[in-house]
Protein chains: 2
Amino acid sequence: MQFSSKLIEEAVNSFASLPGIGKKTALRLVLHLVQRPVEDSVGFAQAIARMRENILHCTTCGNLSDQHVCSICRDPRRDQSLICVVESIRDVMAIEDTRQYRGLYHVLGGVIAPIEGIGPADLNIDSLIGRARHPDTQEIIMAISPTIEGDTTIFYITRLLEDVDITVSNIARGVSFGGELEYADEVTLGRSIVARTRL
Amino acid sequence: MQFSSKLIEEAVNSFASLPGIGKKTALRLVLHLVQRPVEDSVGFAQAIARMRENILHCTTCGNLSDQHVCSICRDPRRDQSLICVVESIRDVMAIEDTRQYRGLYHVLGGVIAPIEGIGPADLNIDSLIGRARHPDTQEIIMAISPTIEGDTTIFYITRLLEDVDITVSNIARGVSFGGELEYADEVTLGRSIVARTRL
């Protein structure tokens, strides 16, 4: 790609450094920002810079936060007895979007994946055990991906929580709501028969 | 989408205001920038802001430029007798990428499209006529999309240039190089038979 402007070239390369954005898309975005009023496009850039400079990880749960303790952990209306363990911030948002859960979270920052060199020490596990021992905590809910790595992580954490007097639970696994049975994958369908629940 | 952080929410909304970027993609990009080192992500934002604050339109050809006159118009090695008329900056880049053209450009900023309310006065046409009258100019090459609007624009400009003593040419239209004849559209194939060239 031939650029007659260094400024455009740098902006295109910046966008193209983002995942899933190629040079052509980057150019389209840059030319769009050129069309928009200056204050508008500069405002776009400032929102990104402000976010990156000021964003924190909640010291309690590991969620992204504007303050040292995140808005969920600070909220007195949330059920302090429940802690939902998730892999990533994205999962917190997905669960919040369901509006079905009013407890707290704990973000691990991933799952145990020896092949990728991610061990228990790389995850936010120690602080979870600390929180589990808090007298307010009654239940730890594992909301981890149903994969081999996910199950390994659940098993590892459950073992560490054996001597703590709390309930440890797992989110339900089975066929998706609204999905046609014939399209469910074999493993899911097989396991949901084995793990059937009484009506 | 439920956000526990205002900073993240603003950054996601900023990205989602760009064309072709939805909320989910925006979130993915923001979480990516959170993972990257602060200087790196702030550098990204600064490149965008710097570009938008300082970018200019070349006073001669209308191309995007870091200076009042763009690097192509300033380049003494370019053939000053040729002016290639294009719709947009993107077309300048596409032609430059071919490395087949060493003349100058003139960016119209669009084509005449009455339905969308774009008339000749909205385009960079007056300055083109001025440049055509310059004694150095020998040929104006129309590199405009072969659409009804494009052809209207070419016709309009050609009429204005009737009393100027220069050559006005059109880029070749016909079947694409490397394409199979059977896949060429009917109009293109039909016209390329009518407009056949002698070998």
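None of the figures in this text is laboratory data; all of them are computed from the coordinates on show. The structure presented is a predicted model; accordingly, all values stated were derived computationally and were not measured. Cβ atoms come from the backbone with ideal geometry, glycine included; neighbour counts cover every protein chain shown.
Just a few scattered comments:
- Taking every lysine pair in the protein assembly as shown that is 8 or more places apart or spans two chains, those with Cα atoms closer than 28 Å amount to 8.
- At an R0 of 56 angstrom, the distance between the Cβ atoms of B:Gln138 and B:His32 translates into a FRET efficiency of 0.65.
- Distance in nm between pseudo-label sites at A:Val164 and A:Lys6 (7 Å out along the Cβ direction from Cα): 5.5
- Between B:Gln100 and B:Gln67, the C-beta separation translates, for a Förster distance of 25 Å, into a calculated FRET efficiency of about 0.45.
- Net +/- balance of residues flanking A:Ser71 in space, Cβ distance below 12 Å, scoring K and R +1, D and E -1: 0
- Max mean-square fluctuation residue, GNM over chain A, Cα-Cα springs under 10 Å, options A:Thr25, A:Thr147, A:Thr60: A:Thr25
- Placing a label point 7 Å from the Cα of B:Arg77 along the Cα-to-Cβ direction, the residues of region B:91-134 whose backbone N falls under 17 Å from that point are B:96-105.
- Size descriptors for region A:73-157 (Cα atoms only): Rg and Dmax, in that order, 12.9, 41 Å.
- Three-way shape label, region B:6-54, alpha-carbon gyration tensor, a/c 1.5: oblate
- In region B:104-189, the GluC sites (Glu not before Pro) that fall in loop regions by DSSP, at most 15 other Cβ within 10 Å: B:Glu162, B:Glu180
- Chain B - Debye-derived log10 I(q)/I(0), Cα point model, q = 0.19 Å⁻¹: -1.28
- Over the residues of chain B, the helix contribution to mean residue ellipticity at 222 nm works out to -12500 deg cm²/dmol, using -39500 (n - 2.57) for each DSSP H run of at least 4.
- Cα centroid separation, region B:59-138 to region A:71-97 (Å): 56
- Label-point separation in nm, A:Asn54 to A:Ile171, each point 7 Å along Cα→Cβ: 3.0
- For B:Glu139, label point 7 Å along C-beta direction: distances to other copies, nm: 7.9
- Using a Förster distance of 25 Å, the FRET efficiency for A:Ser17-A:Arg90 (Cβ separation, nearest 0.05): 0.75
- The rotation axis taking chain B to chain A passes closest to this chain B residue's Cβ, listed with the gap in Å: B:Ala45, 2.
- Cα-based shape type of the protein assembly as shown, given that a ≥ b ≥ c are square roots of the gyration tensor eigenvalues and the cut on a/c is 1.5: prolate
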